[in-house]
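Working notes, structure below.
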Amino acid sequence: MYPLARCSAAPRVGGACGFRVESSRAFTSRGSNSSRVVAVTTAKARSAHLTFKSPHPFITPSHRYIPGCSGAEGDLGSPTKMAFESEDPQDDRIERIASTIRVIPNFPKPGIIFQDITTMLLDPKAFKDTIDLFVERYSEKGISVVAGIEARGFIFGPPIALAIGAKFVPLRKPGKLPGEVISEEYSLEYGTDKMEMHVGAVEAGERAVIIDDLIATGGTLCAAIKLLERVEAEVVECACVIELPELKGRERLGGKPLFVLIKSA
């Protein structure tokens, strides 16, 4: 799945420039790649906002960015921000994970911003924190199936499954799985696609968690839920590293719980 979203404001930038976040404090820091980084959190707040002021190593202020939605225009020289939210606002692991995620504007096409988790994978501690947070949530829930959505769900799903003693079931694009499969069609922005799962991989009554890197419109997660429910498995929860709330993907999940580590501003 491509983690894509149409931009409704100036693109949010994060990742390469260094910053710290401390509870109940506000501070500034300076570095060669960022003229100013401001971070503010509060002990009681459920969210924190990181505001980056250009220049930034991945964006040149002289370049003009036109968002994908009508009536909005973003200037890369203006402040941009990334917001993150945690079930436990005091857990500094969330802040560390958020700081490693890079946002790439106009990729893979103009008007799209790409939430790039590969920069998080370059940080072993942040990657481990990500896995640990999911493992802590699901280790005592009787989960027997961790279903990962192609492709980035394959990064997070297997280590989570191993840690909680569950099996990992890949949910793949058409023609990728050998043998007998069942498939579910879902809508894309332009056209449709299909998701497939091996027949017999999941048995009736098994408790499953669906893992992906990001939820945008919710189309792929919705298809994954339908696949598992067709074999009479119980979908306990869907889980993603990042959510783009403005696209309202969780509203398409038919009331299934959704757990995310980071919500993009």
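Each reported figure results from applying straightforward, stated rules to the coordinates on display, with no laboratory input. Nothing here was measured: the structure is a model prediction, and the numbers come from that model. So basically every Cβ, Gly included, is an ideal-geometry build from the backbone, and we count neighbours across all protein chains shown.
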Can you give the percent of C-alpha pairs in segment 146-194 whose distance is more than 17 Å? 44
Can you tally the net charge around Cys238? Count Lys and Arg as +1, Asp and Glu as -1, for every other residue whose Cβ sits under 11 Å from the Cβ of Cys238. 0
Using Cβ contacts closer than 10 Å as the measure, can you line up Arg250, Arg230 from fewest to most? Arg230, Arg250
Just the projected area, averaged over all directions, of the convex hull on the alpha carbon atoms of segment 126-263: how many nm²? 7.9
